[in-house]
Structures are given as C-alpha cells and as structure tokens.
Amino acid sequence: MTGATATESTRDQIIHAAADSLLENGYSGTSVRSIASKAGVAIGNLQYWFPTKSELLVEAWRYLTAKSVEELRRTLNQLTDPLEVLEVGVESLWDSLRRLGDVQLAAFDLLVQAPRTERLRAYLPELFTRYREVIQEQLDRLEEDGRIRL
C-alpha cells in the first residue's frame, strides 16, 4: 500500500467510525476517544486529520449525505413517469434514511447542535443543497425528455 493510499484509508476509517458513532449515539453522545477506538487509531492520529470534533462530524455527515443522495439519484434515474418520480422519490428518500440507521434522529441532533457550533451551522446549507440538486437534476431530465414542462 502506498503512503497516499494508506493515509486516505486511515482518514476514511476515521470518517466511517465517526458516522457509525453519530448514528448510534448522536452528536453529544459521540466522543473523539470512542471514534478513535472504533477506527482503531490513536487519538493523536485522529486529531491530525480532524483537529476538532465538529470538523470530524461534519465530514461524517458529508459521508452519510453522499450515500443517501447517491442512492436517491440512482433510484430516480431509472424512472420516466413524473408522478412516479415524485412518489418514488419521497419513498426512496425515506427508505434510504431508514436503511442508513437512525439518520433522522442524528439529523435532528445536528440541527439542534448547529446554533452552538459555527462549523455545524456552516454545513447545514450544504446538506440541504445536496438534496435540492438531485431534485433539480430530475426535473431537468424529465423536461429534456419532454415528460414535463417547466
């Protein structure tokens, strides 16, 4: 394994462990120490990549959001009926969030913590933008196919 690959793998391990911990314990129940233990890295190594808990948990949220958005996109891209896109889109998003674990509670926890932490507050627009982009992609695709007129 090259140094870059090993480094990337360690960073990813930390992010995945943080995402798991966030889903299991929420923001306030997640500690840097428990994430380091779950990732199998020393706290110093974790803090090299993520100097603050909020920076780490924002990256964990990016990871969870990317998984959810990609699953939603993949599902919707298979549909051509605009009504089905709306119906399945909502169902798919809900199913995706349920499959990722207790994302709803973790998302609520993130929203509650955001006013207290600048880094979390700054992330919220990005979170909502990712989902909005998928919706816009679907509308554009259906319009290009002549299935809807906007």
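The values are calculated or read from the model by the stated rules, or taken from the named source; none is laboratory data. Keep in mind that what you see is a predicted model, and the values were worked out from it rather than measured. Quick reminder, even Gly has a Cβ in these numbers, built from the backbone with ideal geometry, and neighbours come from all protein chains shown.
Which residue out of Leu46, Leu93, Leu56, Leu76 is more than 12 Å from the chain's Cα centre (by Cα), modelled with pLDDT of 80 or more and under 30 Å from Gly146 (Cβ atoms)?
Details: Leu46 fails: under 30 Å from Gly146 (Cβ atoms); Leu93 fails: modelled with pLDDT of 80 or more; Leu56 fails: under 30 Å from Gly146 (Cβ atoms).
One residue alone meets the criteria, Leu76.
Could you go through the stretch 44-65 and let me know if any residue there is surrounded by 12 or more Cβ atoms within 10 Å (Cβ to Cβ), more than 19 Å from Tyr27 (Cα to Cα), in contact with a helix residue (DSSP H, G or I) (Cβ under 6 Å, 6 or more places away or on another chain) and in contact (Cβ under 8 Å) with a residue 24 or more places away in the chain. No, there is no match, as no residue in the stretch 44-65 is surrounded by 12 or more Cβ atoms within 10 Å (Cβ to Cβ), more than 19 Å from Tyr27 (Cα to Cα), in contact with a helix residue (DSSP H, G or I) (Cβ under 6 Å, 6 or more places away or on another chain) and in contact (Cβ under 8 Å) with a residue 24 or more places away in the chain. Run down Gly44, Gly29 and say which single residue is small (Gly, Ala, Ser) and not in a helix (DSSP H, G or I). Only one candidate passes the filter, namely Gly29. Summed over the stretch 114-129, residues that are buried (at least 17 other Cβ atoms within 10 Å of the Cβ) and not hydrophobic (A, V, I, L, M, F, W, C) total 2.
If I filter the stretch 114-121 for residues that are of a type in the set (S, T, N, Q), under 17 Å from Ser21 (Cβ atoms), at pLDDT below 85 and not in a helix (DSSP H, G or I), do I get at least one hit? Let's see the steps before the verdict.
At the first step, the residues of the stretch 114-121 found to be of a type in the set (S, T, N, Q) are 117.
Those left that are additionally under 17 Å from Ser21 (Cβ atoms): 117.
Next, only the ones that are at pLDDT below 85 stay: 117.
With the extra rule that they be not in a helix (DSSP H, G or I), the set shrinks to 117.
For the stretch 114-121, residues of a type in the set (S, T, N, Q), under 17 Å from Ser21 (Cβ atoms), at pLDDT below 85 and not in a helix (DSSP H, G or I): present.
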